[in-house]
Amino acid sequence: SAVISQKPSRDICQRGTSLTIQCQVDSQVTMMFWYRQQPGQSLTLIATANQGSEATYESGFVIDKFPISRPNLTFSTLTVSNMSPEDSSIYLCSVYREGIQYFGAGTRLSVL
Amino acid sequence: AQSVTQLGSHVSVSEGALVLLRCNYSSSVPPYLFWYVQYPNQGLQLLLKYTSAATLVKGINGFEAEFKKSETSFHLTKPSAHMSDAAEYFCAVSSGGYQKVTFGTGTKLQVIP
């Protein structure tokens, strides 16, 4: 299994500001994933983060809006930049291990 | 390409009744299929997975799912619903390995006392 810790668990932010979400895994993993779950919707993959290289973004997501860091094999951050109310979502960190994707509890973001 | 369709965004069952949550998939390669559960204010927890072994897969909390290739289905069942089963359930598909996982839109299960 995998134990994933995300911080913060929730936040309320003002329009135009940025929020950095942290994800810590209990042991080393090659790939970490960031998902967004908009209200009442399913999960959408934002990007895949490998240690030592730039993140790979899915269609519709760009690095300027969602910069990602992956400084080592157990940690990653996702920044939601220049936020607008449309960014209000749950952001989830995920890792792949032994055939299963494991998820953190998520960060519940509300943008006013 | 791969996709998942979950029929019914909301399902209500009485406590003790059969739970049936429907999932149909589309995949150009042999799929890996998953069911996840999300309790309120929590992340996703894996219920069970199918990875080309036995077609009837048993998971946690008494849930099971059957892979039917001819019907491209992977429905989730539980013989007797419990109040604690109230949650949102997501079906997902991937091509295995580090390939992208695609999620369905989710089904919210309500259990009525």
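Just so you know, all these numbers are worked out from the coordinates, no wet-lab data involved. Being a predicted model, the structure only gives us computed values, none of them experimental. Positions of Cβ are generated from backbone atoms using ideal geometry, with glycine treated the same way; all protein chains shown enter the neighbour counts.
Annotations for the structure displayed:
- Here A:V3 and A:T56 are evaluated by their C-beta separation; at R0 = 41 Å the FRET efficiency comes out at 0.95.
- Cut-off under 5 Å, modelled amide H: who pairs with A:C13 long-range: A:S110, A:V111, A:L112
- Residue-by-residue Karplus 3J(HN,Hα) for region B:47-63, coefficients 6.51, -1.76, 1.60, Hz, glycine and proline x: 8, 6, 9, 10, 9, 6, 9, 4, 6, 9, 10, 9, x, 7, 6, x, 7
- Straightening the chain between A:T44 and A:S69 buys 7.1 nm, computed as 0.36 nm per residue apart minus the Cα-Cα spacing.
- Computed over the alpha carbons of region A:1-95, Rg followed by Dmax gives 12.7, 38 Å.
- Label point of A:Q28 set 7 angstrom out along Cα-Cβ; within region A:57-85, amide nitrogens under 11 Å from it belong to A:73-74.
- Principal axis analysis of the Cα atoms in region B:1-48 yields extents of 38, 22, 17 Å, listed in decreasing size.
- Among the listed pairs A:K65/B:K108; A:K7/B:K58; A:K7/B:K108; B:K69/B:K100; A:K7/B:K68, those beyond 28 Å (Cα-Cα): A:K65/B:K108; A:K7/B:K58; A:K7/B:K68
- ³J(HN,Hα), Karplus 6.51/-1.76/1.60, whole Hz, each residue of region B:9-19, x for Gly, Pro: 7, 9, 10, 10, 9, 7, 4, x, 8, 5, 9
- For chain B, relative contact order (Cα pairs under 8 Å, six or more residues apart, normalised by length) works out to 37 percent.
- Averaging the sequence gap over all C-alpha pairs within less than 8 Å and six or more residues apart, then dividing by the number of residues, gives chain A a relative contact order of 37 percent.
- Net charge of Cβ neighbours under 14 Å - reference A:E86; Lys, Arg +1; Asp, Glu -1: +2
- Using distinct alpha-carbon pairs, which all enter the 1/r mean, Kirkwood radius of region B:30-85 in Å: 12.1
- Spatial extent of chain B: Rg and Dmax, with the Cα atoms as the point set, Å: 13.4, 42
- Cleavage-rule hits, trypsin sites (Lys or Arg not before Pro), region B:53-113, DSSP coil, Cβ neighbours within 10 Å at most 11: B:K69
- Per-residue Karplus couplings for region A:22-37, computed as 6.51 cos²θ - 1.76 cosθ + 1.60 with θ equal to phi - 60°, are listed in order as 9, 9, 10, 10, 6, 7, 5, 9, 6, 10, 10, 10, 10, 10, 10, 10 Hz, Gly and Pro entered as x.
- Residue order, fewest to most surrounding Cβ atoms within 10 angstrom, among B:C91, A:C23: A:C23, B:C91
- For the protein assembly as shown, Cys with no neighbouring Cys Cβ under 4.7 Å: A:C13
- GluC sites (Glu not before Pro) lying in DSSP loop within region B:22-113, provided at most 16 other Cβ fall within 10 Å: B:E71
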